[in-house]
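Everything below concerns the one structure shown next.
The values are calculated or read from the model by the stated rules, or taken from the named source; none is laboratory data. The shown structure was predicted, so the numbers you read here are calculated from the model rather than taken from an experiment. Cβ placement follows ideal geometry from the backbone for every residue including glycine, while neighbour counts extend to all protein chains displayed.
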Amino acid sequence: MTKLWGGRFAGDADPLMARFNNSIHFDARLWAADIEGSQAYAQALQQAGILSPEEGAQISAGLDRVQAEWDADRFQIQPGDEDIHTAVERRLTELIGPVAGKLHTGRSRNDQVATDLRLYLRTMIDELAAHLAGVQQALLAQAERHLDLILPGFTHLQPAQPVRFSHWLLSFFWMLQRDQELLAGARSRVDVLPLGAGALAGTPLAIDRQALAARLGFSRVSLNSMDAVSDRDFVAEFLFWAAMVSMHLSRLSEDVILFCNPHLGFITLADAYTTGSSLMPQKKNPDAFELARGKAGRLLGHLAGFLTTLKGLPSTYNKDLQEDKEPLFDAIDTLTLLLPVLAGAIATLQPQPERMAAGLDDFMLATDLADWLTAQGIPFRQSHHIVGEVVRAAEARGCTLRQLDLATLQAIHPTFTAAALAVWDFERSVEQRGAMGGTALAALRGQLAAARTALLPAPGA
Ligand code: ARG
């Protein structure tokens, strides 16, 4: 098999070197993007007068045939196919003869691979945005279904204050909404055409790169050919997004894993998203969420690894850049599975109102008692101190806060009246937090409406 670059070489590459060098086993998935790029490039060559209309038509029809083979899963990768670009061109030559050799005029695999990767990633980003919206939708639907349920809220993983279950769910909705915004920003930087940059110096041909960009649906053309072939910022940025979104989902997963532990029991998971133990018959393990938490480590690793690959590279293309693909593809594949699984696992989880109620204790209302004192005109710092003494009294007696009678409270501070006892009410506590962003029903309804609007598909999408 003659190599694309075989002319100046006397012998074949060492077989291990060939295996080391080849990328076809992971970049074959770029076939559709590679053919799309070549179709557009053939047209550009024809407009530049490099290909006659007949040659242009022959190449285009030949590329259609190569595409049909891939579509039908009939494309045969050959041992000499170094990468997807080589494979497509080799097959095109077999199908249409030497005229295929004109397609690469003025093009380098350096601008070709950058173009392919951007085309491919742009499509994948749109799919992942939809998968992410699926997770957001699951959170939103659960929040709407269980709007007023009250959940023990934690800080430092210690009982803190009551919050609505829907408030907890929506907190993750907003993290994912920021991830949507991040992804849209990343997409705009993917959406740039490198083709026409050549190997590094630009093309001597009269290629209309604006027209080429329009044909491939790119909104911008790269303005520096050296930057065009070396820029993989868009890969790093996507990997950052993948690390970020998986970190958010990992934190959600950590909560879910805790909440479904029978000792808390705030939620139960559907059988469809849990697994059993091979040894302990009673076990129901939250594997979907554990894996989501685990994958976050892997995705973060891809980001750190790829930035390290980039950091020492000299200008323009270096073969190190071939290392962009495996982490990128793995991140895409991982999230393409993880996001729909989590959407399903979230959509089917069942809150357990009695267990949440059982998890609420009066100490979580201590702040409300302090707020009550403050409303009577006592400075909050002092109220905090007084209620601290109330807590200490309850602990000394081994009772809950509401079991302390008014006389005991008044002995601690004379400001206490019977009206203070109204704070021993979890519903009242959450309804106190009515300012924007709080956990009272009215604020939550506003939040839900905002979330619904945010999730609406962008106009024209
Ligand atoms: N397989 C290569 C990659 O993924 C394609 C570009 C090769 N370019 C080159 N000059 N060897 O980066």
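Of the residues making up segment 208-235, those that are in a helix (DSSP H, G or I), out of contact with any helix residue (DSSP H, G or I) (no Cβ under 6 Å at 6 or more places or on another chain) and either among the acidic types (Asp, Glu) or surrounded by fewer than 19 Cβ atoms within 10 Å (Cβ to Cβ) (or both) number 6.
Residues that are more than 16 Å from the ligand (Cβ to nearest atom) and touching a residue at least 40 places away in the same chain (Cβ under 8 Å) were ranked within segment 33-47; the one that is surrounded by the most Cβ atoms within 10 Å (Cβ to Cβ) is 44.
If I filter segment 326-338 for residues that are within 30 Å of residue 202 (Cβ to Cβ), in contact with a Ser or Thr (Cβ under 6 Å, 6 or more places away or on another chain) and within 16 Å of the ligand (Cβ to nearest atom), do I get at least one hit? No.
Restricting attention to segment 326-341, does a residue exist that is surrounded by fewer than 20 Cβ atoms within 10 Å (Cβ to Cβ), closer than 30 Å to residue 388 by Cβ and at pLDDT 95 or above? No, the conditions are met nowhere in segment 326-341.
Only a single item in (1) away from the ligand (no atom under 16 Å from the Cβ); (2) among the acidic types (Asp, Glu); (3) surrounded by 17 or more Cβ atoms within 10 Å (Cβ to Cβ) is not met by residue 116, and it is number (1). Among the residues making up segment 86-101, a single one is within 12 Å of the ligand (Cβ to nearest atom) and farther than 15 Å from residue 69 by Cα: 86.
Residue 80 passes every criterion in (1) farther than 24 Å from residue 215 by Cα; (2) within 16 Å of the ligand (Cβ to nearest atom); (3) in contact with an Asp or Glu (Cβ under 8 Å, 6 or more places away or on another chain) apart from (3). Listed conditions (1) in contact with a helix residue (DSSP H, G or I) (Cβ under 8 Å, 6 or more places away or on another chain); (2) closer than 19 Å to residue 456 by Cβ are all met by residue 152, apart from (2).
Among residues belonging to segment 262-290 that are in a helix (DSSP H, G or I) and surrounded by fewer than 18 Cβ atoms within 10 Å (Cβ to Cβ), point out the one that is nearest to the chain's Cα centre (by Cα). If we take residues in segment 262-290 being in a helix (DSSP H, G or I) and surrounded by fewer than 18 Cβ atoms within 10 Å (Cβ to Cβ), then 290 is nearest to the chain's Cα centre (by Cα). Being over 23 Å from residue 24 (Cα atoms), touching a Lys or Arg at 6+ places or on another chain (Cβ under 7 Å) and not polar (S, T, N, Q) is a condition met by no residue of segment 157-172. Are any residues in segment 65-119 acidic (Asp, Glu), without any contact (Cβ under 8 Å) to a residue 40 or more places away in the chain and not in a helix (DSSP H, G or I), and if so, which ones? Result: 73, single match. Among the criteria (1) more than 16 Å from the ligand (Cβ to nearest atom); (2) surrounded by fewer than 17 Cβ atoms within 10 Å (Cβ to Cβ), the one residue 104 does not fulfil is (1). For segment 123-140, a tally of residues being over 15 Å from residue 245 (Cα atoms) and among the small types (Gly, Ala, Ser) returns 1. Quick check on segment 241-250. Is at least one of its residues surrounded by 16 or more Cβ atoms within 10 Å (Cβ to Cβ), touching a residue at least 12 places away in the same chain (Cβ under 8 Å) and not in a helix (DSSP H, G or I)? No.
Scanning segment 63-99 for residues that are of a type in the set (Lys, Arg) and surrounded by 12 or more Cβ atoms within 10 Å (Cβ to Cβ) yields 65, 90, 91. Regarding residue 23, is this residue within 22 Å of residue 102 (Cβ to Cβ) and modelled with pLDDT of 95 or more? Here the answer is no, as residue 23 does not meet what is asked.
Here residue 383 passes the criteria (1) touching a residue at least 24 places away in the same chain (Cβ under 8 Å); (2) farther than 26 Å from residue 357 by Cα except the one numbered (1). For segment 291-317, give me the residue count where each residue is crowded, with 16+ Cβ neighbours inside 10 Å, within 14 Å of the ligand (Cβ to nearest atom) and in contact (Cβ under 8 Å) with a residue 24 or more places away in the chain. Residues that pass the stated criteria total 4.
Rundown of residues vs (1) touching a Ser or Thr at 6+ places or on another chain (Cβ under 8 Å); (2) closer than 23 Å to residue 224 by Cα; (3) small (Gly, Ala, Ser), yes/no style:
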position	(1), (2), (3)
88	yes, no, no
96	no, no, no
102	no, no, no
106	yes, yes, yes
113	no, yes, no
119	no, yes, no
125	no, no, no
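Residue 25 meets the conditions (1) touching a Ser or Thr at 6+ places or on another chain (Cβ under 9 Å); (2) within 16 Å of the ligand (Cβ to nearest atom); (3) free of Cβ contacts under 8 Å to residues at least 60 places away in the same chain in every case but one. The failed one is (1). I'd like to check something: does segment 48-70 contain any residue that is hydroxyl-bearing (Ser, Thr, Tyr) and within 16 Å of the ligand (Cβ to nearest atom)? Among the residues of segment 48-70, not one is hydroxyl-bearing (Ser, Thr, Tyr) and within 16 Å of the ligand (Cβ to nearest atom), which makes the answer no.
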